[in-house]
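These notes concern the structure reproduced below.
Every number in this text was worked out from the coordinates using simple rules, so none of it is lab data. Not measured: the values here are computed from a predicted model. Cβ: placed from backbone, ideal geometry, glycine included. Neighbour counts: every protein chain shown.
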């Protein structure tokens, strides 16, 4: 397998711009993202603090502390998927990721549906992340009493601020994100060490929790789709979005090599740091499993219990920054997807959504649409106390469907590929990696489809497909020529 860290670099900025021109587009963005920035985009979307703070309570109540061991399993499976995506991102280095890949590997209609599912996923996860910012980070930090209405309003305000930053400047956005990623890594590693030290010195922890089912019955715990498998929500929800770096391909230097490595590295780093952190906080529960399981912010409570209120407050500040940056990156990714579909004329009012006021800024109306759609849905669910849990499920199911569909398309069209010297390649390991990715996604989809626990997420997915059908029908009636026209050149020419 070609090592994604040591593989030689061949593409220059001119080569990258040439790929955009060959696809039939004009380069509108300045390439400001390098190795760390691209990694930071992928890592920030994953945001282990966001995922773990949002879902750890769900895991405690569905699987108990022993459910943390699904995390390294999910990490391995996700790395395999990221490696396959790396080959596609290198082969077709265009903003719009799976929409662009499907349009060129299959046809524009198939590409449109991949784009719609991507849009629905990014929309749902924007809402869930910004909801989590309010519910499990900002409100506990400020000592406010949480209720659905105040949570929804706060979330909407946060979305407006994120959209403003995206429109204003990509360099400023990336600086904020880089700082957030650095702070998140330092905080997560430092907190893991502090909690571990407090447990060892103070003796107020219990490593027996690593195998404890907590408030969950042991009966049938490891059975097919039993409680243990429900804990896969932990990794399945958190370890997504690493492909967002591919959505900023046209703003990345040497994207054919940088982006595949950024995606794989972000998953590996998140998986390793997350495993150590989960081990620490699970042990830090001590003997208070029932009380912690009943908490609305269990991770914050464990931090306060083990290392004190001051560290808890500092960590909550870091978590607020990290979750805000995560939502910022997600909305950025959605704005680039909308922009990519609009410049092919495949959404209503397409000409409006392609406007980019500055080469160093974001597409203004595409960003407004990404934010407005999220705000409308958020305010529409203001009276629902279970809104966060519902969007967590949706933000897990939608990417799993998208990953599986993309890999199926890769398998169907792999024979069309011709090798180029600067392609990211897995060599002889390609088929073992692809087969492993398929096995992981089959397991993940089984967990997310069969149990009743994810019915709300399934209804969301079905609802978005129905809405997509309506939008597609309107486009078919008004923009059929754009909807079916081939874009750019065949994949072999890219």
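Listing 456, 46 from fewest to most neighbouring C-beta atoms within 10 Å gives 456, 46. Under the criterion of Cα pairs below 8 Å and six or more residues apart, the relative contact order for the chain equals 34 percent. Backbone N atoms of segment 52-93 closer than 15 Å to the 7 Å Cα→Cβ label point of residue 294 belong to residues 61. Our estimate of slack between residue 179 and residue 149, defined as 0.36 nm per intervening residue step minus the Cα-Cα distance, is 7.7 nm. Between residue 276 and residue 310, the C-beta separation translates, for a Förster distance of 25 Å, into a calculated FRET efficiency of about 0.65.
Between residue 225 and residue 411, the modelled labels are 2.2 nm apart [label points 7 Å from Cα along Cα→Cβ]. At an R0 of 22 angstrom, the distance between the Cβ atoms of residue 26 and residue 480 translates into a FRET efficiency of 0.35.
Once the Cα atoms are used to define both axes, helix 387-413 deviates from the longest principal axis of the chain by about 40 degrees. Residue order for 320, 438, 326, fewest other beta carbons within 10 angstrom first, comes to 438, 320, 326. Taking volume of the Cα convex hull per residue in Å³ as the quantity of interest, determine which of (1) 176; (2) 129; (3) 153 was computed from the displayed structure. For volume of the Cα convex hull per residue in Å³, the calculated option is (2). Rounded to the nearest 0.05, what FRET efficiency is calculated for residue 14 and residue 418 with R0 set to 25 Å and r the Cβ-Cβ distance? The formula returns an efficiency of 0.70 here. Relative to the longest principal axis of the C-alpha atoms of the chain, give the angle of the C-alpha long axis of helix 148-168, reported between 0 and 90° and rounded to the nearest 10°. It is inclined by approximately 40 degrees. Residue ranges 51-57, 355-361, 439-445, 149-155 sort as 51-57, 149-155, 439-445, 355-361 when ordered by packing (mean number of other C-beta atoms within 10 Å per residue, highest first). Kindly list the residues of segment 202-241 that lie in the label zone of residue 76, defined by a backbone N under 12 Å from the point 7 Å along the Cα-to-C-beta vector. What the label zone holds, given the 12 Å backbone N cut-off, is no residue at all.
Could you work out the helix-only [θ] at 222 nm for the chain, with each DSSP H run of four or more residues adding -39,500 (n - 2.57) and the total divided by the number of residues, to the nearest 500 deg cm²/dmol?
Here the helix-only value at 222 nm equals -23000 deg cm²/dmol.
For the chain, the longest principal axis of the alpha carbon atoms and the long axis of helix 255-284 meet at an angle near 10°. Remark: 346, 479, 175, 336 ranked as 175, 479, 346, 336, counting other beta-carbon atoms within 10 Å and listing the fewest first. Averaged over residues, the count of other Cβ atoms within 10 Å places the peptides 203-209, 35-41 in the sequence 35-41, 203-209, highest first. The slack between residue 355 and residue 462, meaning 0.36 nm per residue of separation minus the straight C-alpha distance, is 35.4 nm.
Each peptide in 264-272, 18-26 receives the mean, over its residues, of other Cβ atoms within 10 Å, and ordering these scores from highest gives 264-272, 18-26.
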